[in-house]
Structure formats: structure tokens, C-alpha cells
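Working notes for the structure below.
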Amino acid sequence: MNQLKAEKVRLPYRLREPFLTTTESALFRTLIEMVGSRYVIFPKVAINDVFYIQRPNENVHFFNKIFRKHVDFLLCDPKSFATSFGVEIVKPVTKDSTRESDMFMDELFLDAGIPLVHIPSSEKYDTADIVALFQLAVTKIGGTTALRIEDPTDTVPNCPVCGKMMVLRIHRRGKYAGRKYYGCMESPRCTGVFAID
């Protein structure tokens, strides 16, 4: 019994190897060669690190659409780290069908004005082919521009008292009855509020 206690119990996690598949590694090397120092390339970026849900308490059903999803590669400006391109490795589909997840990713990036480049899965890539796919992705977004957080009503403020995320609420009584405001998610333990003009 004492011997069992003395033995260190390992956590049930193991390292995934390799981090990138053969296909991802081949494309990563091609992208590095292609873009040089013009962009920084991040592999396997979680979608919720790139996009946030506007007014999350009102749009909670949209969370599952991005939960546990990632974009294969993200190309960012080397100075500001602003997102410039998303890159997805896609599996071949029939002429009449497009995978639902691919359609969602298309819509998500298109709405943000970020080109999403679809590159067919392969173990070898030709730079000229990849460049053509980047040009096609830029053409798809046309004149749209990337949305940034500029309008404070599009974001959820942090509580001025405790720093936690706030929740959109409505005054139920008093002179402000019916008006919306942000209240701390820890309310009533935290009294932080943020008025909406």
C-alpha cells in the first residue's frame, strides 16, 4: 500500500506526434517558401482565438459553430499580427456537394473580409498553384474589408470593478425601466455596471 502511494500517478495525457500531418507539413513548408517575411504563419489556430461572438449572451447558440474548430493556417501581418489570410486544407468533394463545415468557414471569413484559401489535400504542392488559389480567394471577397473592433457596442465590455465579462441586461424598474445596460456576470456579488447610451 505504501509502495503504491510512493509511486507517482501520471496524468492521463499523452503528447500527440507529430504536431502536423504529412499533408500539413508539406503545405506549411510551401507557404513559408512562398510568403517569405511578408507574413507570419501560425498553424492550427482555434477559431475562437480569431473571432469573437458579438453579444454572447444573446447569441449563445452560435458558440457551438466555432467550439473546437480551427483554421489550418493563419497568415498575419508581421508587425501588427492582424489576420491577412486563412488557409484551409480541403478534401475532395463531389461536384454537387460541399461540406457544411467548409461552407460555414467560407461565410465566417467572407463576413469578416478575410480571404480564406482552400487548398486541396496533397503530399506535394506547387507554389504557382498555391499563388493562383490565393488570388482566387482575394477575388472572392471583392471590395469587403476586414472588420475590426471599432464600434464599442459591437463588443462586450469587461467589468470596471472585477474585470470579468459583462452580460447585457434590462432595467426592470425605476427611472431607467426598459433600458439596456451591461451588468457584471458575477452580479449580485459584483455591482459593476456599464451604461449604454
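Per-residue extension of 0.36 nm, minus the Cα-Cα distance of Tyr52 and Ala195, leaves a gain of 49.3 nm for this segment.
What Kirkwood hydrodynamic radius, in Å, does the stretch 22-141 give when the mean of 1/r is taken over all pairs of distinct Cα atoms and then inverted?
Result for the stretch 22-141 stands at 15.2 Å.
R0 = 35 Å: FRET efficiency of Arg169 with Ala132, Cβ-based, nearest 0.05? My answer for the efficiency is 0.10. Projected label points at Lys140 and Glu186, each 7 Å from Cα along the beta carbon direction, are separated by 4.3 nanometres. Between Leu11 and Phe42, the C-beta separation translates, for a Förster distance of 30 Å, into a calculated FRET efficiency of about 0.65.
Across the stretch 156-195, the convex hull enclosing all Cα atoms gives 61 Å³ per residue. Sites listed here are GluC sites (Glu not before Pro) in the stretch 1-78 whose DSSP assignment is loop and whose Cβ has at most 13 other Cβ atoms within 10 Å: Glu7, Glu58. Cα to Cα, under 21 Å, and not fewer than 8 places away if on the same chain: which lysines meet these conditions relative to Lys91? Partners found: Lys44, Lys65, Lys69, Lys124, Lys140.
Bear in mind that the values in this text are calculations on the coordinates, not laboratory data. Every value quoted in this text rests on a predicted model; they were computed, and no experiment measured them. With ideal geometry, Cβ positions are generated from the backbone for all residues, glycine too; neighbour counts draw on all protein chains shown.
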